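Beneath this line is the structure, given in structure tokens, with notes to follow.
The values are calculated or read from the model by the stated rules, or taken from the named source; none is laboratory data. Note that this is a predicted model, so its numbers are computed, not measured. In this analysis, Cβ positions are derived from the backbone assuming ideal geometry, glycine residues included, and neighbour counts consider all displayed protein chains. Ligands, DNA and RNA are stripped out before the accessible areas are found, and what is left, the full protein with its side chains, is counted by its heavy atoms. Shrake-Rupley method; radii C 1.70, N 1.55, O 1.52, S 1.80 Å.
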Amino acid sequence: MSILGLKKKQPKTFKVKVITMDAEMEFSCEVKWKGKDLFDLVCRTVGLRETWFFGLRYTVKDTYAWLKPDKRVLDQEVPKDSPITFHFLAKFFPEKVEEELVQEITQHLFFLQVKKQILDEEIFCSPEASVLLASYAVQAKYGDYDPNFHKPGFLAQDELLPKTQVLMQYQMTADMWEEKISAWYAEHRGIADEAEMEYLKIAQDLEMYGVSYYDITQNKRDTDLLLGVDAQGLHIYSPNSKLSPNKSFPWSGIRNISYSEKEQFTIKPLDKKKDVFKFYSSQLRVNKLILQLCIGNHDLFMRRRKVDSIEVQQMKAQAKEEKARKKMERQILAREKQMREEAERAKEEMERRLFQLQDEARLANEALLRSEETADLLAEKAQIAEEEAKLLAHKAAEAEQERQRLEVNAMKTKEEKRLMEQKMREAEQLAVKLVEQSERLKEADHLKQDLSEAKDAERRAKQKLLEITKTTYPDFKDSDMKRLSMEIERELEYMEKSKHLQDQLKELKSEIESLKLEEQQQRNSAYASPLAYFDEV
């Protein structure tokens with residue numbers, strides 16, 4: 001018995017990751033799905049109806065390719081990874097964004113893609129236009145400018161300007177660029193819903209907007225030209241110059257575009273008098289891509305010049321109604337916001353006024369308390385002042401009495417001084433008299449001594465005379481007589497002098513007694529007068 005080999009079971013699905021400009025999605029696709037099946041699934045998921053602008057792009061051998069709608073996904077040159085990665089991007093660009101981009105999701109996806117191309121410098125933008133576009137991007141992200149909320153530095157984490165074309169060309173700090181962007185941003189108040197469209201309206205006038213560039217040559221050896229494909233037609237550029245084309249072929253002036261087996265493109269103008277333009281691209285895959293872009297852009301060019309389909313008319317009508325509804329809602333919100341702001345301002349004013357009145361009441365109460373305390377303090381001070389006045393009056397009376405007493409004392413002191421001076425003069429006179437008295441006493445002592453001596457001499461003379469008279473000496477001579485006579489005479493002289501001294505001594509005694517009496521009287525008078533004076537005081 002032979003065993004039949006079993007075939008390996010093939011998977012019925014495969015994984016796909018689709019990256020849009022603001023999200024990533026994963027799908028499980030059937031093996032039999034064509035490119036259109038996957039594309040329609042993505043469009044339904046994101047809610048997109050203007051599908052003709054977009055496509056699914058993938059990378060193959062360092063070049064870009066677009067998923068063909070009429071061919072199975074797995075039969076194309078897609079990456080063999082799992083999941084297979086596609087980028088959902090705008091493949092064709094409108095001529096006039098404001099007229100052709102109807103849905104908000106369409107506008108948003110275009111806005112994100114064009115913004116990225118400008119920041120990645122795939123589209124050249126001058127510094128002035130870059131700042132203006134950045135201000136609309138900020139308006140779309142943050143809404144109306146509010147200086148209380150959007151403080152300096154709030155854009156520090158946002159990428160808004162091309163680095164090489166703008167930031168590195170000027171010696172300006174991030175704060176300076178933010179200040180320039182904020183100045184424009186503050187003027188966009190009230191257009192938050194239109195900010196992305198305003199951004200696209202400015203961006204669509206840039207020379208490189210919506211143009212896909214490819215290297216070409218007019219022969220197989222040289223690559224010295226650039227081909228640009230956009231919504232307006234085909235353009236031929238010099239190498240490294242993507243801003244101003246040397247030659248252009250608008251779609252309305254092209255009769256035919258053909259691609260030969262020899263990998264040669266031929267552009268036949270509608271005007272047969274004009275020359276046919278032939279060129280070569282770098283490789284077959286690029287030739288197919290150029291042909292797809294030419295066919296798609298030409299189809300859209302012809303479609304724009306026809307009456308809109310029923311679907312587009314419905315979308316435009318719905319978009320118009322939606323726009324009117326949102327406008328009305330914005331007006332209602334604006335009125336409500338204004339009323340709310342006015343109410344808040346009125347509330348703040350009332351609260352401010354209430355706080356002011358409360359503050360005034362508090363100050364008034366404090367002032368009242370201070371006034372009451374001041375009144376009590378003044379009353380207390382008045383009472384103290386009254387008591388002090390009484391005390392001062394009493395002290396004044398005492399001072400007046402003291403003054404009068406001092407005046408009396410001064411007068412008495414003056415009189416006492418005069419009396420004392422008089423007493424001092426009298427005492428000095430008394431002292432003089434006492435000195436004189438002491439001299440006289442000394443003289444009296446001398447007189448007493450002399451008197452005593454005279455008495456002694458008289459006694460001796462009497463004794464000698466008695467001896468002479470009682471006894472007779474035989475040898476008594478004349479010389480002895482003379483000597484005796486002299487002694488007698490001297491004794492007599494002493495006697496006379498003694499008598500005279502006795503008389504003087506009596507006079508002196510009587511004078512001393514009178515001086516003592518007078519001195520005693522003066523002493524009694526001097527001690528008695530001050531006592532009498534102090535008794536009177």
Review point. How far is it, in nm, from the label point at Met424 to the one at Thr51 when both lie 7 Å from their Cα along the line to the Cβ?
Key: 14.5
Practice item. Could you name the lysines whose alpha carbon sits less than 22 Å from that of Lys247, not counting residues in the same chain fewer than 8 places away? Key: Lys220, Lys268, Lys272, Lys273, Lys274, Lys278
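What FRET efficiency, computed as 1/(1 + (r/R0)^6) with R0 = 22 Å and r the Cβ-Cβ distance, is obtained for Gln338 and Ala186, rounded to the nearest 0.05?
On the way: r = 19 Å, r/R0 = 0.84.
The formula returns an efficiency of 0.75 here.
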Review point. Rounded to the nearest whole Å², what accessible area per residue is found for the chain with the 1.4 Å probe?
Key: 68
Review point. For Lys326 and Leu74, FRET efficiency with R0 = 51 Å and r from the beta-carbon atoms, rounded to 0.05?
Key: 0.75
Review point. Just by accessible area at a 1.4 angstrom probe, what is the order of Met172, Met328 from largest to smallest?
Key: Met328, Met172
Exercise for review: Starting from the Cα coordinates of the stretch 13-90, work out the convex hull volume and express it per residue in Å³.
Suggested key: 87
Check your understanding: Between Thr173 and Glu507, 0.36 nm times their residue separation minus their Cα-Cα distance comes to what?
Key -> 106.3 nm
Review point. For the residue pair Asp40 and Met486, what label-to-label distance in nm results when each label sits 7 Å from Cα along the Cα-to-beta-carbon direction?
Key: 20.4
**Study point:** Segment Glu439-Ile310, extension gain: residue separation times 0.36 nm, minus the distance between their alpha carbons
**Key:** 29.3 nm
Point to revise | Protein accessible area in the chain, 1.4 Å probe - carbon and sulfur % | key: 53
Point to revise | the stretch 212-306 shape via C-alpha gyration tensor axes, a/c threshold 1.5 | key: rounded
Check your understanding: Quick one, which of (1) 92.6; (2) 31.1; (3) 37.9 is the actual mean projected area of the Cα convex hull in nm² calculated for this model?
Key -> (1)
Review point. How much of Asp308 can a 1.4 Å solvent probe reach, expressed as accessible area in Å² and rounded to 10?
Key: 60
Study note, to complete from the structure: Computed ³J(HN,Hα) along the stretch 14-29: with the Karplus parameters 6.51/-1.76/1.60, θ = phi - 60°, integer Hz and x for glycine or proline, the list is 9, 8, 9, 10, 10, 10, 8, 6, 9, 7, 10, 9, 10, 10, 9, 9
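Relative contact order, percent, of the chain when contacts are C-alpha pairs under 8 Å separated by at least 6 residues?
Values: 480 pairs, mean separation 41.1, N = 537.
Computed over the chain, the figure is 8 percent.
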